[in-house]
Amino acid sequence: MTQFQINKTDPARTRLIEMTPADYAATMGEGDVLVRVDRFGLSSNNITYVVLGDRMDYWQFFPAAPEPGDDAAGADGWGLMPVWGFGDVVESRCANLEVGERLFGYFPPATHLLMHPDAARPAVSPVVDVSAHRAELPTTYNTYQRVLQEPDYDPADDDLRILLNPLQTTAWALREQLRDAAWFAAEQVVIVSASSKTGIGLARALKQDESAPAIIGITAPKNRDFVMGLGLYDQVVSYDEIEESLSHRPSAVVDMAGSGDVLGRVHRHLGDAMLHSINVGLTHWDQAGGGTGIIRERSEMFFAPGVFQKRMKQWGAAEFNRVTQEFLRSAFTESKGWLTIEPMNGLDGLDAGYALVREGQLAPGSAIVVAP
């Protein structure tokens, strides 16, 4: 039983903490379940969780275990980066969640997760972890799908679901927010970090909407050919071409990377034509909050669960699920043309994979799936 922990103040520092079955047995109470984490994804969105760990309470989802011999305070400086994945119930003291159930949702980068499901929910509904430390966190992230109850569940799609489900639903929610705002009166949507999986998802979502403005992708020079090959963007501009090639048309900017330098250059270049800017990701962890020239009074931080809740209230849960699942199914199909999955077995090598993602060294068409 192992946890991969990240230092909260220095995300480049990591450690593996081993726990014994007795450690879990000592804390497992009535109504708890123990889940064996089967696999999880690792991509740039996880770096956003690390950078925003304190600001948006991502560190609060999964308590970090102390090193052997330490009390709980010894783990205060360390956190567990949330990841999306699958897990199987291996021990249950909860009447409506049996051993053998397979769950999809938010997990720690660890071999196991101790949960306290809401026992009041029927056995045919999604599982909601109501552990005390998660009580104030968004329900969206506390909810787990019982995938064996899904009529169209296909284990062959597990890796795609891990990697694309959170990113593509975020992309869909971004399109919905932009559309609700009448595109902020923009003539073009400028996607910074156009090679990111969420950026690709947003471009795809915009492409499906005939009322959407032109789609402009900004990317690193090394990723330019990859982005152009996707066929989703009306124009692709590399970082070194911003001042030369980015049109001054009224623009809505969606930033997936959080590079203060790049975003500042885009804002300065567009000036009054920069009508609104949405910050989605902070994968440039070393530049979080930096950058000169950013027009902060016309900028906002994106929060996907707010859009999900709005649409569920408007449409009802059944219609919301139908629309988003249809979007995801088509995303799975299309991604097979550009996405390469890099498998990783065990947590021992996770530090190297995490470093690749953290430093932006993973190829844009690649993603890591870890089987701890």
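The values are calculated or read from the model by the stated rules, or taken from the named source; none is laboratory data. Everything quoted here is computed from the prediction, not taken from an experiment. Cβ: placed from backbone, ideal geometry, glycine included. Neighbour counts: every protein chain shown.
For every residue, the table says whether it meets (1) in contact with a Gly (Cβ under 6 Å, 6 or more places away or on another chain); (2) outside the structural domain of Ser259 (by TED's automatic domain parsing); (3) hydrophobic (A, V, I, L, M, F, W, C).
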{"position": "Thr139", "(1), (2), (3)": "no, yes, no"}
{"position": "Ala182", "(1), (2), (3)": "no, no, yes"}
{"position": "Leu206", "(1), (2), (3)": "no, no, yes"}
{"position": "Asp209", "(1), (2), (3)": "no, no, no"}
{"position": "Ile215", "(1), (2), (3)": "no, no, yes"}
{"position": "Pro221", "(1), (2), (3)": "no, no, no"}
{"position": "Leu232", "(1), (2), (3)": "no, no, yes"}
All positions within the stretch 290-338 that are of a type in the set (D, E, K, R) and outside any helix (DSSP H, G or I): Glu300, Lys336
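Out of Val227, Val189, report the one residue that is assigned by TED's automatic domain parsing to the domain that holds Arg265 and touching a Gly at 6+ places or on another chain (Cβ under 8 Å).
The match here is Val227.
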query: Pick from Thr340, Thr324: which is under 21 Å from Arg204 (Cα atoms), touching a Gly at 6+ places or on another chain (Cβ under 6 Å) and among the polar types (S, T, N, Q)?
result: Thr340
- prompt: Can you pull out the residues in the stretch 113-124 that are touching a residue at least 12 places away in the same chain (Cβ under 8 Å) and either under 21 Å from Pro372 (Cβ atoms) or of a type in the set (Gly, Ala, Ser) (or both)?
  reply: Leu113, Leu114, Met115, Ala119, Ala123
statement: With the first residue restricted to the stretch 42-67 and required to be under 25 Å from Thr20 (Cβ atoms), and the second required to be of a type in the set (Ser, Thr, Tyr) and surrounded by fewer than 22 Cβ atoms within 10 Å (Cβ to Cβ), Cβ contacts under 7 Å at 6 or more apart or on different chains are Phe61/Tyr141
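Sort out which residues of the stretch 81-90 are over 9 Å from Val35 (Cβ atoms) and either among the aliphatic types (A, V, I, L, M) or surrounded by fewer than 17 Cβ atoms within 10 Å (Cβ to Cβ) (or both), and write them in order of number.
Once the filter is applied, which keeps residues that are over 9 Å from Val35 (Cβ atoms) and either among the aliphatic types (A, V, I, L, M) or surrounded by fewer than 17 Cβ atoms within 10 Å (Cβ to Cβ) (or both), the stretch 81-90 yields Met81, Val83.
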message: Can you tell me which of (1) of a type outside the set (A, V, I, L, M, F, W, C); (2) more than 30 Å from Thr143 (Cα to Cα); (3) surrounded by 19 or more Cβ atoms within 10 Å (Cβ to Cβ) is the one Glu297 doesn't meet?
response: (3)
task: Quick one: Asp152 ticks every box in (1) crowded, with 19+ Cβ neighbours inside 10 Å; (2) at pLDDT below 95 except a single one, so which number is it?
output: (1)
statement: Val127 passes all but one of the listed conditions (1) in contact (Cβ under 8 Å) with a residue 40 or more places away in the chain; (2) surrounded by 23 or more Cβ atoms within 10 Å (Cβ to Cβ); the exception is number (1)
Residue pairs meeting the criteria (Cβ under 6 Å; at least 6 apart or on separate chains; first without any contact (Cβ under 8 Å) to a residue 24 or more places away in the chain, in the stretch 142-160; second of a type outside the set (Phe, Trp, Tyr) and part of a helix (DSSP H, G or I)): Tyr153/Val147
